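The values are calculated or read from the model by the stated rules, or taken from the named source; none is laboratory data. Given the structure is predicted, the values throughout are model-derived calculations rather than measurements. Reconstructed Cβ throughout: ideal geometry from the backbone, glycine too, with neighbour counts over all protein chains shown.
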Amino acid sequence: MPSTVVRNCHLDYRLTGDGPDVVWGHGLTSSMDEEDQLALVDWSTAGAGHRVLRYDARGHGGSDSTTEPTDYSWESLAHDQLALADAVGIDRYVAAGASMGAATALHAALIAPDRVRALVLVIPPTGWETRAAQTGLYAAMADLVEAERHAELLAASADVPPPDPVADEPLWTERFERKLAETDPVRLARVFRGAGTADLPLADAIATIDVPVLILAWTGDATHPLTTAARLQELMPQSELVVATTRAGLDTWSSRTATFLSSLTSKA
């Protein structure tokens, strides 16, 4: 797998296809390999006619883990993304991502507005007033992971219902259990602590983003609340929000993304 070093961190990546550039970031604790099995957006179809850069974020998948929690803030991860884009020869691109990757894309659009020409934000995470409780949860999870108190973590996660569109799918509902079994606890604790340093950009800053934006959200997920997606739609004048309540709705996300990207090409 191709790899490069950006900002003192070795990142694995995949660059596929030809055409206008799209950069996709995965969610917290995920990776390219996991998304190959549990894809919210299938880039083999959604990215038709585009060159798509996917990568394992710092501390995830095959990429390096670093020790400083703020290395994993969403703003810091946006700097990683922009540096990786530089390294592979990408200038202007559509910044896209799920959860942590969506937040990374937002920060990238504000750091380098001349480079991000559109956004695809999938299941945006907690932010602003809903973020404090989530960051406290991540700190507690990091402590339990480091202590290898997996039974307590699994018991707590069992009380949290899965998002509505994937509620009856074991691959999704058993994801966290697999993660605990497969991931080095030191690496996992680092990304949880890092997530505790992260938040979305200020609302006033987001309101300055005036590029086409597709927001894909789902229901039944307190970690990715519909309130965040709705607020983002309110703030950005060129945004569209699509909400999935069922698996059938979720299954449209790849085609919706493809249509959105095609519309950008037709306007270029």
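Could you grab the pairs with beta carbons closer than 8 Å, sequence gap of 6+ or different chains, first residue in region 175-190 and touching a residue at least 60 places away in the same chain (Cβ under 8 Å) and over 17 Å from GLN37 (Cβ atoms), second one assigned to a helix (DSSP H, G or I) and among the hydroxyl-bearing types (Ser, Thr, Tyr)?
That search, which allows pairs on different chains as well, returns ARG190/TYR72.
When only residues in region 92-122 that are under 24 Å from ARG187 (Cα atoms) and touching a His at 6+ places or on another chain (Cβ under 8 Å) count, which is surrounded by the most Cβ atoms within 10 Å (Cβ to Cβ)?
Among residues in region 92-122 that are under 24 Å from ARG187 (Cα atoms) and touching a His at 6+ places or on another chain (Cβ under 8 Å), the one surrounded by the most Cβ atoms within 10 Å (Cβ to Cβ) is GLY101.
Find the residue count for region 91-120, including only residues that are under 23 Å from ALA217 (Cα atoms) and either among the aromatic types (Phe, Trp, Tyr) or assigned to a helix (DSSP H, G or I) (or both).
12
Can you name the helices (runs of 4 or more DSSP H) wholly within region 178-251 that have at least 1 residues being buried (at least 21 other Cβ atoms within 10 Å of the Cβ) and in contact with a strand residue (DSSP E or B) (Cβ under 9 Å, 6 or more places away or on another chain)?
Counting at least 1 such residues, we get 226-235.
Rundown of residues vs (1) aliphatic (A, V, I, L, M); (2) more than 19 Å from TRP24 (Cα to Cα); (3) touching a helix residue (DSSP H, G or I) at 6+ places or on another chain (Cβ under 7 Å), yes/no style:
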| residue | (1), (2), (3) |
| --- | --- |
| THR208 | no, yes, no |
| VAL213 | yes, no, no |
| ALA217 | yes, no, yes |
| PRO225 | no, yes, yes |
| ARG231 | no, yes, no |
| GLU234 | no, yes, no |
| GLN238 | no, yes, no |
| LEU241 | yes, no, yes |
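Might you check whether a residue that is closer than 21 Å to THR228 by Cα and either under 23 Å from the mean Cα position of the chain (by Cα) or of a type in the set (Ser, Thr, Tyr) (or both) occurs anywhere in region 139-159?
No, that holds for no residue.
Taking only pairs six or more apart or across chains, which ones have beta-carbon atoms under 6 Å, a first residue in region 42-70 that is farther than 19 Å from PRO2 by Cβ, and a second residue that is at pLDDT below 95 and among the β-branched types (Val, Ile, Thr)?
Cβ pairs passing all conditions: PRO69/THR197; THR70/THR197.
From (1) more than 16 Å from GLY101 (Cα to Cα); (2) in a loop (DSSP other than H, G, I, E, B), pick out the condition that doesn't hold for SER30.
Unmet for SER30, out of (1) more than 16 Å from GLY101 (Cα to Cα); (2) in a loop (DSSP other than H, G, I, E, B): (1).
Got at least one residue in region 145-164 being surrounded by fewer than 19 Cβ atoms within 10 Å (Cβ to Cβ) and within 30 Å of THR259 (Cα to Cα)?
Within region 145-164 (the criterion being surrounded by fewer than 19 Cβ atoms within 10 Å (Cβ to Cβ) and within 30 Å of THR259 (Cα to Cα)), the answer is yes, since at least one residue qualifies.
Could you please find all residues in region 132-177 being part of a helix (DSSP H, G or I) and under 23 Å from LEU200 (Cα atoms)?
Within region 132-177, ALA132, ALA133, GLN134, THR135, GLY136, LEU137, TYR138, ALA139, ALA140, MET141, ALA142 meet the criteria.
Does region 37-90 hold any residues that are in contact with a Lys or Arg (Cβ under 8 Å, 6 or more places away or on another chain), part of a loop (DSSP other than H, G, I, E, B) and at pLDDT below 95, and which are they?
LEU38, THR67, listed by residue number.
Looking only at residues in region 42-75 that are of a type outside the set (Lys, Arg) and within 13 Å of the chain's Cα centre (by Cα), which one is surrounded by the most Cβ atoms within 10 Å (Cβ to Cβ)?
Residue satisfying both the conditions and the ranking: TYR55.
Please state which of the following conditions ALA181 fails to meet, knowing it meets all the rest: (1) under 20 Å from the mean Cα position of the chain (by Cα); (2) modelled with pLDDT under 85; (3) closer than 26 Å to GLY62 by Cβ; (4) not charged (D, E, K, R).
ALA181 satisfies every listed condition except (1).
Identify, by number, the condition in (1) over 24 Å from ALA217 (Cβ atoms); (2) in contact with a helix residue (DSSP H, G or I) (Cβ under 9 Å, 6 or more places away or on another chain) that ALA83 doesn't meet.
(2)
Tell me, which residue of region 1-41 that is within 26 Å of VAL243 (Cβ to Cβ) and among the small types (Gly, Ala, Ser) is surrounded by the fewest Cβ atoms within 10 Å (Cβ to Cβ)?
Among residues in region 1-41 that are within 26 Å of VAL243 (Cβ to Cβ) and among the small types (Gly, Ala, Ser), the one surrounded by the fewest Cβ atoms within 10 Å (Cβ to Cβ) is ALA39.
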